[in-house]
1. Restricting attention to the range 78-127, which residues are charged (D, E, K, R) and open to solvent by 50 Å² or more (accessible area, probe 1.4 Å)?
2. Please work out which residue is farthest from T2 (Cα to Cα), limiting yourself to the range 15-44 and to residues that are hydrophobic (A, V, I, L, M, F, W, C) and part of a loop (DSSP other than H, G, I, E, B).
3. Name the pairs whose Cβ atoms lie under 9 Å apart, with the first residue in the range 26-37 and free of Cβ contacts under 8 Å to residues at least 60 places away in the same chain, the second assigned to a loop (DSSP other than H, G, I, E, B) and polar (S, T, N, Q), and 6 or more positions between them or separate chains?
Amino acid sequence: MTIKRYGTGETGAGKQALPFARAVEANGWLHVSGQIAMEKGDVIGGGIVAESRKAIENLIAILHEAGYGLEDVVRVGVWLDDPRDFWSFNGVYAEYFGENPPARACVQSRMMVDCKVEVDCIAYKEK
């Protein structure tokens with residue numbers, strides 16, 4: 001089995017080195033690490049709608065880098081800092097996944113950095 005890692009050696013909030021890959025591919029399966037609304041090492045802020053869009057767009061960028069698309073996503077995990085943001089997040093989520101809805105889990109969780117949402121996914125594409 002061949003394993004390919006994407007984005008090792010990246011930096012996160014505070015420009016600290018991240019001790020994980022942005023994504024790992026094995027036998028057609030792509031596991032994308034949790035993405036937040038980060039740009040150039042800083043969380044963009046702007047509320048749940050802006051952060052949700054940026055987190056999902058970061059996820060999509062990694063999918064595309066690995067040769068996958070939203071249609072290949074089979075599962076999404078979502079962590080919300082505030083459960084009151086659930087419906088606003090769903091509105092943004094539907095803009096991206098409305099055509100090809102994957103399985104999903106969404107939970108409330110305190111975040112490791114000052115953000116409102118984190119999104120990860122698993123995608124599959126037959127090689």
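The values are calculated or read from the model by the stated rules, or taken from the named source; none is laboratory data. All values derive from a computational prediction rather than experimental measurement. Cβ coordinates were reconstructed from backbone atoms using ideal geometry, including for glycine residues, and neighbour counts include every protein chain displayed. When the accessible area is computed, the model is the full protein with side chains, heavy atoms only, and any ligands, DNA or RNA have been set aside. Shrake-Rupley method; radii C 1.70, N 1.55, O 1.52, S 1.80 Å.
1. Of all residues in the range 78-127, those charged (D, E, K, R) come to 81-82, 84-85, 95, 99, 104, 110, 114, 116, 118, 120, 125-127.
Result: D81, R84, E95, E99, R104, R110, D114, K116, E118, K125, E126, K127.
2. Residues of the range 15-44 that are hydrophobic (A, V, I, L, M, F, W, C), as a first pass: 17-18, 20-21, 23-24, 26, 29-30, 32, 36-38, 43-44.
Going one step further and asking which of them are part of a loop (DSSP other than H, G, I, E, B), we end up with 18, 20-21, 36-37, 44.
Details: L18: 23, F20: 18, A21: 16, I36: 28, A37: 31, I44: 35 Å.
Among residues in the range 15-44 that are hydrophobic (A, V, I, L, M, F, W, C) and part of a loop (DSSP other than H, G, I, E, B), the one farthest from T2 (Cα to Cα) is I44.
3. If the second residue must be assigned to a loop (DSSP other than H, G, I, E, B) and polar (S, T, N, Q), the pairs left are A26/T2.
Condition check ((1) part of a loop (DSSP other than H, G, I, E, B); (2) in contact with a Cys (Cβ under 8 Å, 6 or more places away or on another chain); (3) at pLDDT 95 or above; (4) not hydroxyl-bearing (S, T, Y)) across all residues:
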residue	(1), (2), (3), (4)
G46	yes, no, no, yes
E57	no, no, yes, yes
R75	no, yes, yes, yes
Y93	no, no, yes, no
N100	yes, no, no, yes
